[in-house]
Amino acid sequence: MHIKQARNVLKIEAEAIQNLSRNLGPEFNRAIELLARCAGRVIVTGMGKGGIIGQKISATLSSTGTPSLFLHSAEAIHGDLGRVTRNDIVLAISNSGETEEVIRMLPLIKKIGAKLIALTGNRRSALAKYSDVILDVSVKKEACPLGLAPTASTTATLAMGDAIAVCLLEKKGFKEEDFAFYHPGGALGKKLLLKAEDIMRKGPANPVVKEDAIVRDVLYGITAARAGAASVVDKRGKLCGIFTDGDLRRHLEKDTSIVLKKVKDVMTQRPITILKDHLASEALRILKEKRIDEIPVVDAKGRPIGMLDVQDLVRAGFV
């Protein structure tokens, strides 16, 4: 029984969105052109469930390159309308187009000089008459069997908001890098913004030894740093090799006296490196392709300044 009812709800809401698609026309293009030229912010307003949908639309606009804020319609008529300027565009949501709090705002919005775009299901409403552009989000029926709870209508409005945001994103040439800038805490932000130097092990956690050092002493340094490898430098301080746990195991199988040898004789020479200002995501790609666990981070002169371990990338959320 419940599955049947749920399917019916989803069918009604899907049909509502499909009808939106079929009914899109010149007014949608007008809305996008108007919003793209907005010199201020897009002020999204609404009440009740429409207001909640408006908050999501405003958030999506803001995160995709269109400055926006949500203005609660009831609060607006009690002082918050001062947030609206003549350079802004108001995106007003009301399925009936007659929501009292929204309607009371309209003469004041016109007096301020801001443009008004309506998302409404009633083209003959007061909201529609006041608006510069009307986006019809009407639905044939709500998914609620009582025909009372906003369901299909809020879904349609939300979908229209997404369509607006995506069209503006493309028109403005908004890129992945721009999205990451506004989402520095997300996975994409980390992928596109974090550099090797931001998460590398450095200082005491990054053992650096001279090429003439004895392996036994190198192992002490690696253990003390709780690392898996040490960077090996020549007399000029430039990286000339890396000595890892893997190197130790491979040589121990052939010669148990390895701990008394110089590290330059058993190290991996000319290791793969990454510059400090390269993206951490590039380090992850290299580690995967080369099937290695550590990669030294060097400066422009080839001097080791850090070490990136696959576990560092795991902790940073790359894996």
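Descriptive notes on the structure:
- Count - residues of the stretch 19-34 that are modelled with pLDDT of 95 or more and closer than 13 Å to residue 139 by Cβ: 0
Okay, residues lined up against (1) of a type in the set (Val, Ile, Thr); (2) over 31 Å from the mean Cα position of the chain (by Cα):
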site: 73; (1), (2): no, no
site: 77; (1), (2): yes, yes
site: 81; (1), (2): no, no
site: 90; (1), (2): yes, no
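- Within the stretch 1-37, being closer than 17 Å to residue 163 by Cβ and outside any helix (DSSP H, G or I) holds for 24, 25.
- Taking residues in the stretch 193-204 that are at pLDDT 90 or above and buried (at least 20 other Cβ atoms within 10 Å of the Cβ), and partners anywhere that are of a type in the set (S, T, N, Q) and part of a loop (DSSP other than H, G, I, E, B), the pairs with Cβ atoms closer than 8 Å and at least 6 places apart or on different chains are 200/206.
- Those residues of the stretch 223-237 which are surrounded by 14 or more Cβ atoms within 10 Å (Cβ to Cβ) and in contact (Cβ under 8 Å) with a residue 40 or more places away in the chain, in sequence order: 227, 228, 229, 231, 233
- Residues that are more than 20 Å from residue 48 (Cβ to Cβ) and either over 32 Å from the mean Cα position of the chain (by Cα) or modelled with pLDDT under 95 (or both) within the stretch 146-165 are absent altogether.
Every residue, every condition in (1) among the aliphatic types (A, V, I, L, M); (2) surrounded by 16 or more Cβ atoms within 10 Å (Cβ to Cβ); (3) assigned by TED's automatic domain parsing to the domain that holds residue 23, yes or no:
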position	(1), (2), (3)
79	no, no, yes
95	no, yes, yes
98	no, no, yes
108	yes, no, yes
119	yes, yes, yes
131	no, yes, yes
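- Each residue in the stretch 34-65 was checked for being closer than 17 Å to residue 86 by Cα and either out of contact with any Ser or Thr (no Cβ under 8 Å at 6 or more places or on another chain) or surrounded by fewer than 17 Cβ atoms within 10 Å (Cβ to Cβ) (or both), and 5 of them qualify.
- Number of the exception - residue 72 against (1) at pLDDT below 95; (2) under 24 Å from residue 155 (Cβ atoms): (1)
- Some residue of the stretch 253-265 being at pLDDT 90 or above, surrounded by 20 or more Cβ atoms within 10 Å (Cβ to Cβ) and assigned by TED's automatic domain parsing to the domain that holds residue 217: yes
- Residue count for the stretch 237-250 under the criterion of being among the basic types (Lys, Arg) and within 18 Å of residue 297 (Cβ to Cβ): the result is 1.
- Contacts under 9 angstrom Cβ, first residue in the stretch 125-141 being touching a residue at least 12 places away in the same chain (Cβ under 8 Å), partner part of a loop (DSSP other than H, G, I, E, B) and of a type in the set (Val, Ile, Thr), 6 or more apart: 127/99; 139/151
The values are calculated or read from the model by the stated rules, or taken from the named source; none is laboratory data. Note that the structure is a prediction, hence the values are computed from the model and not measured. Note that we place each Cβ from the backbone using ideal geometry, even for glycine, and neighbour counts take in every protein chain shown.
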